[in-house]
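Below you'll find the structure, written out as structure tokens, and then a few comments.
Since every read-out is calculated from the coordinates, none of them should be taken as a lab result. All of these numbers come straight from a predicted model, not from anything done at the bench. Note that each Cβ is placed from the backbone with ideal geometry, even for glycine, and that neighbours are counted across all protein chains shown.
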Amino acid sequence: MKKIRSPLFYVGDKYKLMPQLSNLFPNNINTFYDVFAGGGSASINTFAKKHELNDLDQKIIELHLFLQKETQNLNVFLDKMYEIIKFYGLSHSEIKINSKINELKKEFKKTYFSKYNKEFYIKLREDYNENKNRNDLLYLLLIYGFNHMIRFNSQDKFNLPVGNVDWNKNVTSSLKNYSRWVNKSNISMFNLDFESFVNTRNPVKNDFFYFDPPYLISFSDYNKLWNEKEEFRLYSLLDDLNERGIKWGLSNMVQHKGQQNNILLEWAKKYNEYSIKSNYISRFDNSIKKNSIEVYITNFNGEKLIKEN
């Protein structure tokens with residue numbers, strides 16, 4: 001299948017892995033519960049009668065709701081965003097790369113966009129921090145910010161620095177794909193703790209829960225609130241779903257940078273485990289971390305459920 005990326009370009013996004021994961025999902029899904037939705041690429045790339053996306057990050061859910069509303073009329077939305085880009089003076093390589101950027105590119109081969117956009121980006125960031133109802137500005141901060149992340153400091157100020165990225169053809173393409181998905185799908189959004197979300201659902205036959213939690217043995221802002229306590233709480237929840245005969249799948253990592261998740265390895269023995277081919281590339285040196293091993297674990301195999309632990 002052709003993989004489709006979310007326009008949120010979220011950290012830990014699964015879009016590159018979806019062709020592999022989709023082959024391991026049930027064929028006929030009634031409601032697809034995306035428990036740790038993030039950018040939503042798992043949902044976008046999974047056919048189901050209904051999608052329910054949940055994430056603990058309120059800003060991510062706000063951006064999803066904002067984009068779902070605005071992309072009902074995509075051309076109008078794109079025109080509005082292009083005008084804001086122009087207003088702030090940010091680069092817009094989808095349309096044109098100006099002579100100043102070309103000059104910077106000669107001197108700063110990997111950071112020319114950040115050199116060009118830094119001053120304009122800071123003004124954009126200041127304006128958003130003055131009015132956090134402006135989700136259009138927040139979306140631009142995500143597009144132009146470092147690693148497409150969303151980060152706030154203790155004063156609730158968006159504080160991510162500028163990145164070496166801008167609004168290019170991939171952004172517009174992802175918005176078009178997102179718009180098509182939104183307009184043909186039945187979607188609900190939730191901002192809950194993962195256990196609260198699962199326990200307030202009423203799954204029926206052919207419903208499927210997909211879990212892509214923060215990884216215990218990897219390091220990023222996204223993972224900083226995840227610890228062994230959360231890990232055990234997740235596995236207890238999955239065991240409970242299994243005992244109730246509810247289908248689920250879990251993405252996780254068993255090995256990364258010399259570390260091994262022994263809690264996961266021991267718990268997973270009672271379920272079906274599949275190796276997932278993936279290349280984790282360092283954002284610092286672009287080298288592939290070949291010792292990273294990702295797995296997909298599920299209580300579902302064809303039409304068979306594992307109901308005994």
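For this structure, a couple of remarks:
- Annotation: aspartates and glutamates with alpha-carbon distance below 20 angstrom to LYS184 (same-chain offsets under eight excluded): ASP34, GLU52, GLU70, ASP207.
- Couplings 3J(HN,Hα) of region 166-182, computed from phi: 8, 7, 10, 4, 5, 5, 5, 4, 5, 5, 5, 5, 5, 4, 4, 5, 4 Hz, in residue order, whole Hz [Karplus 6.51 cos²θ - 1.76 cosθ + 1.60, θ = phi - 60°; x for Gly and Pro].
- Spin-label model, LYS277/ASP79: points 7 Å from Cα along the beta carbon direction are separated by 4.6 nm.
- Choice from THR71, THR31, THR111 with maximal GNM fluctuation in the chain (Cα, 10 Å cutoff): THR111
- Centroid-to-centroid separation of region 179-218 and region 13-70 [C-alpha atoms, Å]: 7 Å
- Under Karplus coefficients 6.51, -1.76 and 1.60, residue-wise ³J(HN,Hα) of region 81-86 in Hz, glycine/proline x: 5, 5, 5, 5, 4, 5
- Centroid-to-centroid separation of region 79-99 and region 126-162 [C-alpha atoms, Å]: 18 Å
- Ranking of TRP248, TRP267 by count of other Cβ atoms within 10 Å, fewest first: TRP267, TRP248
- In Hz, Karplus ³J(HN,Hα) per residue of region 63-74 (6.51, -1.76, 1.60; θ = phi - 60°; x = Gly, Pro): 5, 4, 5, 4, 5, 5, 6, 5, 7, 4, 10, 4
- Gain on full extension, evaluated as 0.36 nm per residue between ASN206 and LYS257 minus their Cα-Cα distance, stands at 14.6 nm.
- In straight-distance terms, cross-link reach from LYS96 covers every one of the lysines whose alpha-carbon lies under 24 Å from its own, apart from those fewer than eight places away in the same chain; here that gives LYS80, LYS86, LYS105, LYS106, LYS109, LYS110, LYS115, LYS118, LYS123, LYS169, LYS176.
- GNM flexibility winner over the chain from SER43, SER114, SER236 (Cα, springs under 10 Å): SER236
- Divide the volume of the convex hull around the Cα atoms of the chain by the residue count and you get 138 Å³ per residue.
- Inter-probe distance in nm under a simple model that places probes 7 Å from Cα toward Cβ, at SER99 and GLU119: 1.8 nm
- When Rg and the Kirkwood Rh are both derived from Cα coordinates, the Rg/Rh ratio for region 64-172 amounts to 0.97.
- Cβ-derived FRET efficiency at R0 35 Å, LYS109 paired with ASP193, nearest 0.05: 0.20
- Once the C-beta distance of LYS3 and ASN30 is scaled by a Förster radius of 22 Å, the resulting FRET efficiency is 0.40 to the nearest 0.05.
- Computed over the chain, the per-residue total of -39500 (n - 2.57) for DSSP H runs of n ≥ 4 gives a 222 nm mean residue ellipticity of -11500 deg cm²/dmol, rounded to 500.
- Cα-based reach from LYS277 at 26 Å (exclusive), listing lysines while leaving out same-chain residues under 8 positions away: LYS2, LYS3, LYS14, LYS16, LYS224, LYS247, LYS257, LYS269, LYS289, LYS290, LYS304
- Distant-in-sequence amide H partners of PHE190 (H built 1.01 Å from N, under 5 Å): LEU53, ASN54, ASP55
- Spin-label zone in region 137-171 - amide nitrogen under 16 Å from a point set 7 Å from the Cα of ASN227 along the C-beta vector: none
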